[in-house]
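Engineer: I am attaching a structure below and will ask some questions about it afterwards.
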Amino acid sequence: MAICRPSNRHNMGIGEMHEEMSLDSYLKSQEQRYLDLYFRLLRQPSVSAQRLGVEECARLLCDTMGELKINGEVLPTTGLPVVYGELQVHPAAPTLLIYGHYDVQPPEPYEAWVSPPFEPTVRDGRVYARGSADNKGQLLPHLFAVDALRAIGALPRLNYKFLFDGEEEMGSPSLPAFVQANRERLKADQLYCSDGPYDPSGRPTILFGVRGLLYLELECEWANRDLHSGQFGNVVPNPAWTLVKLLATMKDARGHVTIPGFYDEVVPPTPHERQLLAALPFSEKDFTASLGLPPEVGLEAQDHFEALMFRPTLNIAGFKSGYLGEGTKTVLPSKAVVKIDIRLVESQDPDRMYHRIAEYVARHAPHVKVRQVGGAVPPARSSSETPAAQAIIRAVRDTWKAEPVITPSAGGTLPMYPFTKILGLPMVFVPYANPDETNHAPNENMSLEAFWRGIRTSAAVFTELSALDRSAFVAR
């Protein structure tokens, strides 16, 4: 375990000389310092999938927290380490737990990058580097906001805890056990996170939930080798057909999943959530046209968002069998594998869903093996109606000078459930990155405008939350 104490090095973020400055003026005076810290973190690879530079990045992030006068520690998990920090302002004040992740996606293919992925480069007002937006460029604004507010004598009466994950890009397999083992240390009143892009319209997005994820492989193997389709067709079963027939039974003509119990725990939107869905910006025509789809494929806005946020999915992610190369090869394959991902919604349990699907397969295709791939992630959702949630909405609205897009749940998955289910915290996450951040792809970038606005947003959120008493932070 590495402990990073606040640095005694000269720090322009501390001192009476800044107390009369506005936040914007102070940020302007610290522009180069904050960018230097940002770029230094970006230069350090931290590819969790390849175990490349992750421990080194954890120590560097911990050092950065020390330079910002925040007590930090690198803490072990059963996998890659987390970076944890605390700043206690007043023992009776509410505590905000801020989550982010310092690990990044693999940068390949390198040849698709205009500039090297671990050499941050500014072009046209954007910082290009792996991690620039996902998520180093979104976790640092929280730290910089604390530093700046303290420097100008405006640090709100709020306690801060920071938890930065080193495995988010590989599903955070060690996070639940870490949170469970550190429940006392992580006690807080509210979870706050910044990840992903804001709305393409340019309006801020505020999300109050995520779907869960269960990933399965179904495998069927009949003969002990591939066979000649003329000599063995009709007399030896084809595993691809076995899987195709099985998959065809899992959905009806309307796309409704027929596996018993698949929808049993689904919680429909509340009246308030339905109002939020109806207010979300959406054009069915633009949506289908942007994907090259025929118009009849799209759904009305209310159904579109309810399907994305409040209904589970059963998706075929990949199918492999036989010969797929150039030309022809008349082969009867010996094995077929299909990969399936299931997006889970609030109240659905991944283990229960796995057993339902395994039992279904055993009844309909007993020769097919079912196995789970990777760690399952339960869903998480919180209310947007609590006083704390409304305070965050006000802070974002005031900072962005625009009405936020309030989204009950993301369609995707983030490891929020350890905080909502184990710690019992309400969650809110506000994306700071530009919509065209190209995260997970070459030329990932974050606009400098979004980066600086992220710092101001964090500062406004902290200030609004500090005006509440602890009873305002109520989990759903």
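Engineer: Quick one: residue 92 ticks every box in (1) free of Cβ contacts under 8 Å to residues at least 60 places away in the same chain; (2) of a type in the set (A, V, I, L, M); (3) not in a loop (DSSP other than H, G, I, E, B) bar one, so which box is it?
Structural biologist: (3)
Engineer: Being over 17 Å from residue 146 (Cβ atoms) and modelled with pLDDT of 95 or more is the filter; apply it to the range 17-30 and report the residue that is farthest from the chain's Cα centre (by Cα).
Structural biologist: Taking the candidates together, the pick is 25.
Engineer: I'd like the full set of residues that are outside any strand (DSSP E or B) and in contact with a Lys or Arg (Cβ under 7 Å, 6 or more places away or on another chain), limited to the range 326-372.
Structural biologist: 334, 345, 346
Engineer: While we're on this one: Select the helices (runs of 4 or more DSSP H) contained entirely in the range 269-312, then report the ones holding at least 3 residues which are of a type outside the set (Asp, Glu) and surrounded by 15 or more Cβ atoms within 10 Å (Cβ to Cβ). Break it down stepwise before answering.
Structural biologist: Numbers: elements: 271-279, 284-290, 301-309.
Counting at least 3 such residues, we get 271-279, 301-309.
Engineer: Quick check on residue 403: is it part of a loop (DSSP other than H, G, I, E, B), of a type outside the set (A, V, I, L, M, F, W, C) and crowded, with 20+ Cβ neighbours inside 10 Å?
Structural biologist: no
Engineer: Please work out which residue is surrounded by the fewest Cβ atoms within 10 Å (Cβ to Cβ), limiting yourself to the range 353-377 and to residues that are within 23 Å of the chain's Cα centre (by Cα) and at pLDDT 95 or above.
Structural biologist: 372
Engineer: Going through 471, 382 one at a time, which residue ends up being crowded, with 24+ Cβ neighbours inside 10 Å, among the hydroxyl-bearing types (Ser, Thr, Tyr) and more than 30 Å from residue 35 (Cβ to Cβ)?
Structural biologist: 382
Engineer: Just to be sure before I move on: is residue 384 closer than 19 Å to residue 471 by Cβ and assigned to a loop (DSSP other than H, G, I, E, B) in the structure I sent?
Structural biologist: Against the criterion (closer than 19 Å to residue 471 by Cβ and assigned to a loop (DSSP other than H, G, I, E, B)), residue 384 qualifies.
Engineer: Could you look through the range 153-189, keep only residues that are under 20 Å from residue 213 (Cα atoms) and assigned to a loop (DSSP other than H, G, I, E, B), and pick out the one that is modelled with the lowest pLDDT?
Structural biologist: 171
Engineer: Restricted to the range 236-263, and to residues that are over 16 Å from residue 359 (Cα atoms) and assigned to a loop (DSSP other than H, G, I, E, B), which residue is farthest from the chain's Cα centre (by Cα)?
Structural biologist: Here the residue is 236.
Engineer: Then there is this: Out of 447, 466, I need the residue that is under 21 Å from the mean Cα position of the chain (by Cα), among the hydroxyl-bearing types (Ser, Thr, Tyr) and at pLDDT 95 or above. Which one?
Structural biologist: 447
Engineer: Pick from the range 302-352 the residues that are out of contact with any strand residue (DSSP E or B) (no Cβ under 6 Å at 6 or more places or on another chain) and of a type in the set (Phe, Trp, Tyr): which of them is modelled with the lowest pLDDT?
Structural biologist: 305
The values are calculated or read from the model by the stated rules, or taken from the named source; none is laboratory data. Predicted model only: the values in this text are computed from it and were never measured. Backbone-built Cβ (ideal geometry, glycine too); neighbour counts: all protein chains shown.
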